[in-house]
């Protein structure tokens, strides 16, 4: 039987478009890496999932108590590098998305009860952060790369000497 956290993100994955790449990050030699890496034609996103079976009645939820020291260091390091990191807290009453270093701040459980979002909304959020449907709006080159040489700057210092026209 899988853990509730695993069941939660598996349910979210079933709601994602197949075009979004998702990869479970499990490394027995190095702990702390976020649970899942998502990649689309817009960007990538690293997500650490946490699950609470029952929200406290009044006490604030402290994710720094749910994350291991290795996970905290990994998230802080990637955030400082400018990576897209998110911690998603799943509960039976809804989910909460914490971008960047927001996981360091306590969460009012009443906010999750009243404003918590559904698994479908989590999937929509991941899609919005990683995938753009209008391929023409993507700044990356996605066409046949055989004609890329025509767009090279012949005076570019990074080119071999034989390609420079000085």
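Details
- Computed from Cα atoms alone, the Kirkwood hydrodynamic radius reported for region 10-59 is 13.0 Å.
- Translational diffusion of region 4-134, µm² s⁻¹ [Kirkwood Rh, Cα pairs; Stokes-Einstein; 4 °C; 1.567 mPa s]: 86
- Region 4-134: relative contact order as a whole-number percent, Cα under 8 Å and 6+ apart: 30
FYI, it's all coordinate maths here, none of it is from the lab. Keep in mind that what you see is a predicted model, and the values were worked out from it rather than measured.
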